[in-house]
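*Asks:* Please see the structure below; I have some questions.
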Amino acid sequence: MSEFKNLLLHRDGFVATIQLNRPQVLNALNMELMDELVTLFEKLDKDDSVRCFVLTGNDKAFAAGADIKEMASATAVDMLNRDQFAKWDRIRKVKKPIVAAVSGFALGGGCELMMHCDMVIASESARIGQPEINIGVMPGAGGTQRMTRAVGKVLAMELVLTGRFLNAEEALQAGLINKVVPVEFFLEEAQKLAKEISNRPPVAVRLAKEAILKSFDTTIEMGLEYERKNFYMLFATEDMKEGMAAFIEKRKAEWKGK
């Protein structure tokens with residue numbers, strides 16, 4: 001898409017692959033890139049021809065962090081007025097599933113962006129962490145919260161307070177990623193997973209994603225109530241009727257997203 005300076009877009013069937021494209025700085029996340037990313041996500045989230053996203057970088061880096069040059073001379077008031085994390089909140093509200101395809105560095109803001117995604121396929125070269133402590137700050141785009149929920153308190157403390165990187169196998173064992181594959185296959189494997197999801201009924205996928213994310217924000221009682229309401233709501237869809245009829249008739253369902 002020519003209107004985006006820092007992103008590349010590839011579409012294959014119902015899957016849209018968005019590639020961060022600042023290779024000269026290991027895909028550092030500056031304000032311009034984040035503006036473009038939010039704009040593209042929100043545009044495609046409303047596009048019925050897209051059912052699942054893949055977000056990736058390149059072999060060397062998913063994203064090596066925020067663009068430090070943009071922040072080095074900022075004051076606390078500058079950062080407050082800039083409100084740069086409002087864009088991240090908008091990414092969190094993307095309704096369609098996002099699969100991250102990660103190779104090389106996913107550090108700082110890059111790790112936080114990865115954790116904003118719903119699933120993660122990583123290459124064997126992935127190096128994942130929150131090293132902000134080494135430049136005198138701490139994570140600010142959700143790193144302390146999402147990392148702790150993903151891997152538990154003691155490992156999150158170690159990673160955030162020391163800045164240590166996890167390798168791909170450690171990240172897998174910690175529950176931070178779904179799968180580790182050779183470098184040459186990481187994007188293909190992520191697109192394969194996205195394609196599989198895109199072949200499921202879109203409204204059910206959306207409401208299931210919402211219910212899973214709700215589990216992080218509420219009590220088990222409120223979460224169960226939310227889940228049940230979404231479950232009941234799906235009985236108003238054409239896809240529910242089609243899916244159950246196809247099951248009974250032993251044929252493949254044809255999803256309309258309605």
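*Asks:* Considering (1) open to solvent by 40 Å² or more (accessible area, probe 1.4 Å); (2) more than 19 Å from HIS116 (Cβ to Cβ), say which one ARG146 fails and leave the rest.
*Replies:* Answer for ARG146: the failing condition is (2).
*Asks:* Taking the stretch 74-100, which residues are over 15 Å from ASP45 (Cβ atoms) and within 10 Å of the chain's Cα centre (by Cα)?
*Replies:* Answer for the stretch 74-100, where residues must be over 15 Å from ASP45 (Cβ atoms) and within 10 Å of the chain's Cα centre (by Cα): just ALA100.
*Asks:* Next up: I want to confirm something. Restricting to the stretch 10-38 and keeping residues that are touching a residue at least 40 places away in the same chain (Cβ under 8 Å) and among the charged types (D, E, K, R), which single residue is nearest to VAL94 (Cα to Cα)?
*Replies:* So in the stretch 10-38, the residues touching a residue at least 40 places away in the same chain (Cβ under 8 Å) come out as 12-15, 17, 20, 25-31, 34-35, 37-38.
If we keep only those that are among the charged types (D, E, K, R) as well, we get 12, 35.
Details: ASP12: 20, ASP35: 14 Å.
So the residue we want is ASP35.
*Asks:* I've got another one for you. Suppose we filter LYS250, LYS241 for residues that are of a type in the set (D, E, K, R) and on the phi > 0 side of the Ramachandran plot; which single one remains?
*Replies:* Numbers: LYS241 fails: on the phi > 0 side of the Ramachandran plot.
The match here is LYS250.
*Asks:* Got a sec? Which of ILE212, ILE121 is out of contact with any helix residue (DSSP H, G or I) (no Cβ under 7 Å at 6 or more places or on another chain) and either open to solvent by 70 Å² or more (accessible area, probe 1.4 Å) or not in a helix (DSSP H, G or I) (or both)?
*Replies:* Matching residue, one of ILE212, ILE121: ILE212.
*Asks:* Identify, please: which residue in the stretch 215-258 is assigned to a loop (DSSP other than H, G, I, E, B) and basic (Lys, Arg) and is, among those, surrounded by the fewest Cβ atoms within 10 Å (Cβ to Cβ)?
*Replies:* By that ranking, first place goes to LYS250.
*Asks:* Just need a number here: residues in the stretch 183-209 that are over 28 Å from MET147 (Cβ atoms), open to solvent by 40 Å² or more (accessible area, probe 1.4 Å), out of contact with any helix residue (DSSP H, G or I) (no Cβ under 7 Å at 6 or more places or on another chain) and in a helix (DSSP H, G or I).
*Replies:* Matching residues across the stretch 183-209 total 2.
*Asks:* For the stretch 64-84, state whether one or more residues are of a type outside the set (A, V, I, L, M), under 30 Å from GLU184 (Cα atoms), open to solvent by 30 Å² or more (accessible area, probe 1.4 Å) and in contact with a helix residue (DSSP H, G or I) (Cβ under 8 Å, 6 or more places away or on another chain).
*Replies:* Checked against the condition, which is being of a type outside the set (A, V, I, L, M), under 30 Å from GLU184 (Cα atoms), open to solvent by 30 Å² or more (accessible area, probe 1.4 Å) and in contact with a helix residue (DSSP H, G or I) (Cβ under 8 Å, 6 or more places away or on another chain), the stretch 64-84 yields no hits at all.
*Asks:* Could you tell me which numbered condition GLY110 fails, if it satisfies all but one of (1) part of a helix (DSSP H, G or I); (2) closer than 16 Å to LEU26 by Cα; (3) open to solvent by 20 Å² or more (accessible area, probe 1.4 Å)?
*Replies:* Condition not satisfied by GLY110: (3).
*Asks:* List the number of the failed condition for ASP78; all other conditions in (1) charged (D, E, K, R); (2) under 26 Å from LYS209 (Cα atoms); (3) without any contact (Cβ under 8 Å) to a residue 12 or more places away in the chain hold.
*Replies:* Only one criterion is unmet by ASP78, namely (2).
*Asks:* Test of understanding: among ASP83, ASP78, ASP12, which residue is of a type outside the set (S, T, N, Q) and at pLDDT 90 or above? Steps first, answer last, please.
*Replies:* Values: ASP83 fails: at pLDDT 90 or above; ASP78 fails: at pLDDT 90 or above.
The unique qualifying residue is ASP12.
The values are calculated or read from the model by the stated rules, or taken from the named source; none is laboratory data. Keep in mind it's a predicted model, so treat the numbers as computed, not measured. Every residue, glycine among them, receives a Cβ derived from its backbone with ideal geometry; neighbour counts consider all protein chains shown. Keep in mind that these areas ignore ligands, DNA and RNA; they rest on the heavy atoms of the full protein, side chains included. Shrake-Rupley method; radii C 1.70, N 1.55, O 1.52, S 1.80 Å.
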